[in-house]
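Chemist: Following this message is one structure expressed as structure tokens.
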Amino acid sequence: MALLTDPKPVRVRENTVSARQARYGATASLYTIVVIAALVLVNWLANRYNKTYDTTSNKRFTLSQETAKMVKNLKSDATITYIDKASNFDQARGMLDRYKNLSPKIHIQYIDYQKQPTVARAYGLRFPGTAYVEVGPRREEAKALTEEGITGAFLKDLKGVRKVCFVSGSHEHPLDDTDSNGLSGFKQLLTRDNYQPQAITLIDKTEVPKDCNVLVVAGPQSDYTPNEVTAIKNYVQGGGRAMILLDPPLDFGREHVASNTGLNDLLASWGVTPQTDLVLEENPMGQLFGFGPEIPLVSSYESQPIVSDLKDRFTGFPVSRSLEVKNGNKTTVQKLFSTSDRSIATTKLTSNEVNPSDPSNKKGPFALGAAGTYNTGQANNSGRFVVVGSSGFLTNGMLNFQANRDLALNAVNWLSSDEDLISIRPKEPEDRRLNVNQRQMNIFFYIDMIAIPLLLIAGGVSTYLKRR
């Protein structure tokens, strides 16, 4: 006897499966349409509004506040022209677009020197990959395709050439020497920041040349003549800017540094009195860098603009003398930095042997640097001066130590009223290496290469079995 079966339940089940598949298909289609629409919208917004976000810890790919302020204060349109092969344009867009995004007054243009050789020649192109900044009728070549180079060209357009004059003739550190005692490294840094370093002599002159924006006295070993001292005095008190670095007057062995009484008296009249002593640092921190006590390390800074961005960084000052700082009749003077309270100062400068327990030694901390302004009585024409009790920090042998070069450049920037440049420095990539021992490496291997893959496999098998 045959059994009769009702086909309707089968049809119902088939209809349910079909409906479910239809719903899944519709949902998938809807999601696909939404995703495509979202991608189209995001791309449209990205093309219309070029915005980027810098997630690096030191904001390596973000222009400084000083650059942003300078660009936003432009009174006329500016154009940055980049000249290179067309295939290299993309490598410049990242940097140039950051400037373009700061202000609608910034315009960017790209020139292919292979297709437009006459235009490139008109710009004076020397090397492919060069950017030129034009503000009004002035055009300046950027030293490099970096914020330093481009912003420096902007400032040169806006302010013109600034000359830094180094006094010579009394055994100062030579400007062009490349040995450890020379200043060729500092000269290179100044040139990069669009300054024009130049050696001058004041022995046969009655005044500092008028085209000197900043005057540098870098460790004279001989006494300045009254004529030289008077020229420096009239320069600063007439609104000039000077950085004066005076070493302690040592007199033993091959060390013979003149006391330079005339220059010391001039500084004392401004409120900065160089002491006749030698500062020694007994803090063992210097030993970590291979330094002896005759190279005091400084990590204590004041709030003055020259040193305000040097917090938590060291500067080193070989063979230093201390400074007594106070305001003068027409000057306002601030300390810049001081040694630790473990430093001592000896006044016995005719011997290379120092007894740390000598009761005549002075106890620290000691001020080693100061900055001041001179009231000339004329609005917007005050003189400025920076005094440091060591010239060695500026030399090739010490310039690249920690924050020494930033201090040197910051001083020149402040003296020339280019405070905008103080925070525009190369942002070095941070060292974020992970240092681990062999045991830790073994743990990482077993977790990453064995445990995690096995967990993923087990989870996949478990999900498959449940669906079965």
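The values are calculated or read from the model by the stated rules, or taken from the named source; none is laboratory data. Remember, it's a predicted structure, so these values are computed and weren't measured experimentally. Glycine gets a Cβ as well: all are built from the backbone with ideal geometry, and neighbour counts include every protein chain shown.
Chemist: Please specify each residue of the stretch 238-291 satisfying the condition of being in a helix (DSSP H, G or I), within 29 Å of Leu215 (Cα to Cα) and not aromatic (Phe, Trp, Tyr). Explain how you work it out, then say what you get.
Modeler: Applying the first criterion (in a helix (DSSP H, G or I)) to the stretch 238-291 yields 261-270, 284-289.
From what's left, within 29 Å of Leu215 (Cα to Cα): 261-270.
Across the stretch 238-291, the qualifying residues are Thr261, Gly262, Leu263, Asn264, Asp265, Leu266, Leu267, Ala268, Ser269.
Chemist: Could you list all residues from the stretch 362-381 that are surrounded by 15 or more Cβ atoms within 10 Å (Cβ to Cβ) and either among the aromatic types (Phe, Trp, Tyr) or closer than 24 Å to Tyr301 by Cα (or both)?
Modeler: Matches in the stretch 362-381: Gly364, Pro365, Phe366, Ala367, Leu368, Gly369, Ala370, Ala371, Gly372, Thr373, Tyr374.
Chemist: Show the residue pairs that are 6+ apart or on different chains and have beta-carbon atoms under 7 Å apart, the first residue being within the stretch 24-53 and of a type outside the set (Asp, Glu), the second being modelled with pLDDT of 80 or more and part of a helix (DSSP H, G or I).
Modeler: Listed pairs, sorted by first residue: Asn50/Asp97.
Chemist: For the subset of the stretch 156-196 comprising residues that are closer than 30 Å to Asn73 by Cβ and touching a Phe, Trp or Tyr at 6+ places or on another chain (Cβ under 6 Å), which member is surrounded by the most Cβ atoms within 10 Å (Cβ to Cβ)?
Modeler: Only one residue fits best here, namely Val164.
Chemist: With the condition kept exactly as written, say whether any residue in the stretch 314-333 is within 17 Å of the chain's Cα centre (by Cα) and hydrophobic (A, V, I, L, M, F, W, C).
Modeler: Yes.
Chemist: Quick check: anything in the stretch 167-174 more than 30 Å from Asp84 (Cα to Cα) and not in a loop (DSSP other than H, G, I, E, B)?
Modeler: yes
Chemist: Among (1) at pLDDT below 95; (2) crowded, with 19+ Cβ neighbours inside 10 Å; (3) in contact with a Leu (Cβ under 7 Å, 6 or more places away or on another chain), where does Met285 come up short?
Modeler: Checking Met285 against (1) at pLDDT below 95; (2) crowded, with 19+ Cβ neighbours inside 10 Å; (3) in contact with a Leu (Cβ under 7 Å, 6 or more places away or on another chain), the one that fails is (2).
Chemist: A further question follows. With the requirement that a residue be outside any loop (DSSP other than H, G, I, E, B), surrounded by 15 or more Cβ atoms within 10 Å (Cβ to Cβ) and polar (S, T, N, Q), what does the stretch 98-153 give you?
Modeler: Thr130, Thr151
Chemist: Now, a different point. Report, ordered by the first and then the second residue, all pairs with beta carbons closer than 6 Å, sequence separation of six or more or different chains, a first member in the stretch 237-254 that is at negative phi, and a second member that is surrounded by fewer than 19 Cβ atoms within 10 Å (Cβ to Cβ) and among the hydroxyl-bearing types (Ser, Thr, Tyr).
Modeler: Pro249/Ser259; Asp251/Thr350; Phe252/Thr350; Phe252/Ser351
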